[in-house]
Structure formats: C-alpha cells, structure tokens
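J.: Okay, here's the structure, questions in a sec.
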Amino acid sequence: MRSCAGILARHALRFALRHALWSAFDPSVREAMPQRLHRPEALRSLVRDMVTRAGWSAQEAEETADHLVLANLSGHDSHGVGMIPLYFQSLADGNLKPESKGEIRLDAAPFLIVDGNIAIGQPTARNAVDRAVEMARTGGVAIVNLLDSHHIGRIGHYAEVAAAAGLISFFWVNVAGRPPIVAPFAAKEARFGTNPHAIGIPVPGGDPLILDFATSRMAHGKARVALNKGEQVPPGYIIDGEGRPTTDPSHVFASPDRPLGALLPFGDHKGAGLSLIAELLSAGLMGAARIDQKPQKSWTINSLFGVLIDPARLEPDAGLRKSRIDSYLAFVRAAKPQDPANPVLAPGDKERKVRIERAAAGIPLDDETWSQIKAAAARYGIDADSY
C-alpha cells in the first residue's frame, strides 16, 4: 500500500506541472517569475540522487545528470534540469520504468539498430552513439537508428560526442507519444513534433562546429521556459487553436478550455520539409512510434537516425583539414556585424561562451521550474533546497 506521504507528494508534483501549464490563463499569475542561480555541481548531485533514488543505476544517473546540466550550462534551459519533473511524472504514471533497457537489434557494420524500449533516454542514446562511434572509427562510417527511446535530451550533445571522437555526424530525431505541436507550412493546426536536426564537424586541435536546431521556430521546451517565467514569445513563433498569431506560450500547452495551438516551422516550407523528413528517417521507415500513431500519455518518445563519418577517410592530412576549416571560419567571422556588440559567430560559439559564463556565475532557474523540481525530489524524500 502506498504511504500517505507518497500520495501527497505525487499530488504535489501533478499540481506543480499543471500550474506550469495553466497559470498563464490567470493574469494575476502571469507576472515575470523571479529566478536564482544554482551551482552546476549542486544540480548534478541533485539530479544524480533523484535518478538513483527512483531506481536507475549510478551510471544511468551520472549520464542523465551530466547531460541535463550541460544543456543548462550551454544556455539551452529547455532541455536542462527542468525536464526532470516531466520524466518523474512519466515514471509515476508507469510510462517510464527503470527496468527498461535498450537492446541491440542489428549490429552489422556499418549499420546499427537499437531498440530503445522506452528506456530513460540520455543513457540509452549515449550508449547507441558510443557504439556507432566505435563502428565509424573502425570502418569509416556508421549508420545508427535508435528506436523508441524515452526523451533523449539535447540532440547537439550527441554531435559533440561524435566530434570529440574526431567524427563528422548528422542526426535527425522525431517526437511521438505527445500531441503534434508544430504546424506544416500554410496550415492552421499541428501535424509535426519539433523534430530537431544536428550536425557536428570536428576541427583538429580546435573547437568543433555544432549546428543544433529544432525544425520549429522555437523548441517546445523554450515555450515551457517562457511560460514558467511568465514571459511572452516573439511574434511569428506561435498560433493559437484557431490558427491566429499569438505571443502567449500557454497556447502550445494542453488546456481543457480551448483547443491546442501550434508552433510554426522555421523558414516556412523549409523547416516543415525537414520536420517531415526527420519523422520518416528516424521512425517512419523502421516502424517506430510516429506522432500520429502512438497513444498520447505523460511521456516523450524519441527515435534517432544518425550518420557518423571519419573525416580522415576523406582527407587523411589533419593539418590540411584544420587549415581549410579555420581559414573559412576566419572569413565568415570577419564579416561586419549589423550590431558591433554582437559579432558574427559560427555554430557552437555561443554555447561555449555561455558555458564559461554560467560555470562561473551559476545556472539561472526560475522559481516555477525550481518548485517543480522540488516537488519531484520530495516524492523520494529528497530536499532539493539542501543542495
């Protein structure tokens, strides 16, 4: 029999999550949320303890914590520790289980297919990508398809893993098990997930190029962050349930009082086209969960399709590779900026800058997000404020 404390904690977590989704409907709650700074090492320790207390291994907890906190350090709070309450809600509802593990379905170089079994996403995806890295190092190329994992986090993370191993990488991901949230070009209602895409190019002896973006104009998680902070989003990012433009992020979260709106694709037909391709490459071809087929529950299911290439097979001379990349980057960065305060950057530059700043100053979390994390931790007897 479940204890009264456990039941109360579960209700507290549900309330916190619902408050995050529905508080926007009450103008008295829509004031900008205060925030405070948290030490990265404290957040890592908190997430590790939460994940192990919930039943996962120390290794799985370590990978999950490192991944989430690095997302925050990189400035991508949408994929950081604020995801933990959503994972724990999925756990509480029986849609995410510590005993679920990824299983290799095919390991025949250059092809690797892994069944994610809706296991906790960050460790499951990291294991698949690590195996693909080994394959590409040996044979020059690897093609990996991870099917039906729970939410795998920031996709650029895996491009960074591949780049650290000296490999070029391309990744596409779909989103299933949730309502469609991105409208096709010229549509008034959603049909896609945010379906991100990432490309990584290593630079010998230098920082890699990491291009990581959702195929919507903003990630759904960034709308969640804006909602928790009580902020509006820029014009042109969201439509409401009637297809009308809005800057209110609450319209892309479920409400019993009105139809769900949608995020818009970036670049009109270009982003919408990439989103469709990501759905088919990552999930559709292999029969993994598609957004129009999987039951909608308190889970997020991702499938990942990736190609990893050893650039030494294309140009064996690492010095030449470096000089060719560096000379072009120098040319690009030397372009006169529209605003002198904002110099021209290459993909990955901003994240590296923010990591240095936040490692020194701390990671900002708004009070609403922190209250959700505290409620999730309390279910397992953990006092988040003590970290």
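J.: With all protein chains present, calculate the accessible area of VAL133 using a 1.4 Å probe and round the result to the nearest 10 Å².
T.: VAL133 exposes around 10 Å² with every protein chain in place.
J.: Could I ask something else about it? Gain in length, THR138 to ALA164, computed as 0.36 nm per residue apart minus the alpha-carbon separation, to one decimal in nm?
T.: So the extension gain works out to 7.8 nm.
J.: Please report the net charge: other residues with Cβ closer than 13 Å to the Cβ of ILE199, K and R +1, D and E -1.
T.: Surrounding charge for ILE199 is -2.
J.: Follow-up. Express in nm, to one decimal, how much length is gained between HIS269 and LYS97 on full extension, taking 0.36 nm for each residue of separation and deducting their alpha carbon distance. Write out the running numbers ahead of the final one.
T.: Values: separation 172, 0.36 × 172 = 61.92 nm, distance 3.80 nm.
Between HIS269 and LYS97, full extension yields 58.1 nm more.
J.: Now, a different point. Along the Cα-to-C-beta direction of LEU345, a point sits 7 Å from the Cα; which residues of the range 160-178 have their amide N less than 19 Å from that point?
T.: Within reach of a label on LEU345, which here means backbone N under 19 Å from a point 7 Å along Cα→Cβ, the range 160-178 contributes 160-161.
J.: Could I have the simple spin-label model distance between ARG352 and ASP367, label points 7 Å from Cα toward Cβ, reported in nm to one decimal?
T.: 3.8
J.: Tell me, what ³J(HN,Hα) does each residue in the range 108-124 have, in order and in whole Hz, if you take phi through Karplus 6.51 cos²θ - 1.76 cosθ + 1.60 with θ = phi - 60° and put x for Gly and Pro?
T.: Values, residue by residue: 9, 3, x, 9, 9, 10, 10, 8, x, 6, 6, 7, 3, x, 4, x, 5 Hz.
J.: Net charge near ASP292, counting Lys/Arg +1 and Asp/Glu -1 over other residues with Cβ under 13 Å of its Cβ?
T.: Net local charge, ASP292 excluded: +2.
J.: Nearest-5 percent of antiparallel DSSP beta bridges in the chain?
T.: 90
J.: Follow-up. For the chain, just the Cα set please: Rg and Dmax, both in angstrom.
T.: Just the Cα atoms of the chain yield Rg and Dmax of 20.8, 67 Å.
J.: Quick one: accessible area per residue over the chain, 1.4 Å probe, rounded to a whole number of Å²?
T.: Per-residue accessible area for the chain comes out at 45 Å².
J.: How about the range 51-103: which GluC sites (Glu not before Pro) there are in a DSSP loop, with at most 14 other Cβ atoms within 10 Å of their Cβ? Mind dumping the intermediate values first?
T.: Numbers: sites: GLU60, GLU62, GLU63, GLU99, GLU103; in loops: GLU99.
Within the range 51-103, the qualifying GluC sites (Glu not before Pro) (loop, at most 14 other Cβ atoms within 10 Å) are GLU99.
J.: Please give the calculated 222 nm ellipticity per residue for the chain, where each DSSP H segment of at least 4 residues contributes -39500 (n - 2.57) and the sum is spread over every residue; nearest 500 deg cm²/dmol? Display every interim value, and only then the final one.
T.: Numbers: 11 runs with 148 residues, N = 387.
Estimated from H runs of four or more residues: -12000 deg cm²/dmol.
J.: Run the 1.4 Å probe and let me know the accessible area of ARG39, rounded to the nearest 10 Å².
T.: 130
J.: Subtract the Cα-Cα distance of ALA109 and ARG39 from 0.36 nm times their separation in residues, and report this length gain in nm to one decimal.
T.: 21.0 nm
J.: So, with a 1.4 angstrom probe, what is the percent of accessible area on the chain that is carbon and sulfur?
T.: 57
J.: When the dipole is taken about the Cα centre of the range 151-215, and only Lys, Arg (+1) and Asp, Glu (-1) are charged at their Cβ, what size is it in debye, to the nearest 20?
T.: 300
J.: Lysines near LYS270 by alpha-carbon distance under 23 Å, same-chain residues fewer than 8 away left out - which ones?
T.: Excluding near neighbours in sequence, the set is LYS188, LYS222.
J.: On to the next question. Separation between the GLU231 and LEU280 pseudo-spin-labels, each 7 Å from Cα along Cα→Cβ, expressed in nm?
T.: Those two pseudo-labels are separated by 3.7 nm.
J.: How high is the relative contact order of the range 243-387, given as a whole-number percent (alpha carbon pairs under 8 Å, six or more residues apart)?
T.: 8
J.: Sticking with this structure for a sec: Find which of GLY306, SER323, PRO343 sits farthest along the positive direction of the dipole of the range 214-364, computed with +1 on the beta-carbon of Lys and Arg, -1 on that of Asp and Glu, about the Cα centre.
T.: SER323
The values are calculated or read from the model by the stated rules, or taken from the named source; none is laboratory data. For clarity, every value in this text was computed on a predicted model and none was experimentally measured. Quick reminder, even Gly has a Cβ in these numbers, built from the backbone with ideal geometry, and neighbours come from all protein chains shown. Heavy atoms of the whole protein, side chains included, go into the accessibility calculation; ligands, DNA and RNA do not. Shrake-Rupley method; radii C 1.70, N 1.55, O 1.52, S 1.80 Å.
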